[in-house]
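For reference, the structure is listed below as structure tokens.
Read the figures in this text as sums done on the coordinates, not as results from a lab. Here the structure is a predicted model, which means the values were calculated and not measured. Here the Cβ positions follow ideal geometry from the backbone for every residue, glycine too, while neighbour counts run over all protein chains shown.
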Amino acid sequence: MEKILDIVEMIASENGLPQDQVVLAIKDSMVKMAKKEINENANFVVIEDWSAKELRLVQKMIVCDDSSFSKDLESTHIPLNEARSLVENVNTGDELEYQINLEGMNRNAVNNIFHDITYQIQKLNEQEILKAFEKDIGHIVIGQVVHVDDEGNTSIEIGETRAILSLKNRIKGEKFKVGQPVRSILKSVRITKNGVKIELSRTTPKLLEELLMLEVPEIKDGEVSIYKIARIPGEKAKVALYTNNPMIDPIGSAVGARGVRINAVSKELHGENIDCIEYSSVPEIFVAKSLSPAQVISVKLQKADTEEEKPKAIVQIAKSQKSKAIGKAGVNIRLASMLTGYDFELQEVADKPSEQVATKDSTEKDEDKKLGLEALESLFKGNS
């Protein structure tokens, strides 16, 4: 017949739990059962006997004078005469141990021990899962789809643990099949009355940040830094990048040759369009860049009147560039506002014949050339 400590070792191994924690859980269950079934005020302890592979449940009693013994002490004390009838040469103040025979317990008591031990092991498992996943909060985890319910909530198995990617945390329009691998951000992990709940997200800007780190070595190595990301998941995102190394082009690094890096990230995000812009510590320049691909004539900034309001950016823009600045369904200007923290007011300026753009290609070339002092002059001429 297997000894209880052999079973402890097996439970610990099967569940990946520390053996000492399993022992402690079982000892706690045995003491709780004894207090419930025998005497709730008694002093019960469980002694580990590793040589015999046993856990011994004992009740400890303190020997006291016959004259000082009373009914109130009968749970924890034994009078001297009674003690000497059991053990010779015992004196007041000594401690006696009575072993409790578990086999003599009724079936309900044994069942209670079993159920409590099962509960304790479950709680230990939950704590170990919590500890394992807490370090990954805010980072990418990879799992396989095991179920999609009628409401669009997706169950994803990460190792041997199941997590939930709810419909609200999924990119609009994306669909998953059972067995499909999925990358998500570990949003939260907590213990509930129903066990461990792990929540995933594919809509947070953090997912785009982590994917860029995976695809762009310069970002992973710290040569290029992400200042901020604004996302409308599944539609469009804007990423503000900067570098302290004059030999590195932050936008070129992120986009990659022929767009291979940024396209890989976009594909992972269900075709989300990603604009990369270079961050500037000069707010006017940053605001102007945030409205890319539109070209801006000038920017004037106004402070917010109240703490609840955003500061305002009054942007002069040519008529031909206004639709680009706003974007389809207002997506571009919304993202620019999210990225910069400014509310935008666009002031339309009529196009001059010499400034009208013939083609999209020429617009992009002109924008690339408009750098340094020329860009500064253009931005601030409306503020002088």
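Couple of notes before you dig in:
- Here's the list of lysines a cross-link from Lys238 could span, going by alpha-carbon distance under 17 Å and ignoring same-chain residues fewer than 8 apart: Lys206, Lys228, Lys267, Lys289, Lys324, Lys328.
- Under 19 Å from the Cα of Lys319 - aspartates and glutamates, other chains or at least 8 residues apart: Glu345, Glu348, Asp351, Glu355, Asp361, Glu364, Asp366, Glu367
- The residues packed around Leu212, meaning those with a beta-carbon under 11 Å from its beta-carbon, carry a net charge of -2 if Lys and Arg are +1 and Asp and Glu are -1.
- Gain on full stretching of the segment that runs from Lys35 to Met213 - 0.36 nm per residue minus C-alpha separation: 58.4 nm
- Positive-end extreme of charge dipole, the chain - chosen from Ile156, Gln316, Ala304 (charges on Cβ): Gln316
- Max mean-square fluctuation residue, GNM over the chain, Cα-Cα springs under 10 Å, options Leu167, Leu102, Leu211: Leu102
- Calculated FRET efficiency for the pair Ile191/Tyr98, C-beta based, R₀ 35 Å, to 0.05: 0.40
- Modelled FRET efficiency - R0 30 Å, Thr306 with Val331, Cβ distances, 0.05 increments: 0.65
- When only Cα pairs below 8 angstrom with a gap of at least 6 residues are kept, the chain shows a relative contact order of 8 percent.
- Helix content alone sets the calculated 222 nm mean residue ellipticity of the chain: runs of n ≥ 4 DSSP H residues at -39500 (n - 2.57) each, divided across all residues, give -11000 deg cm²/dmol.
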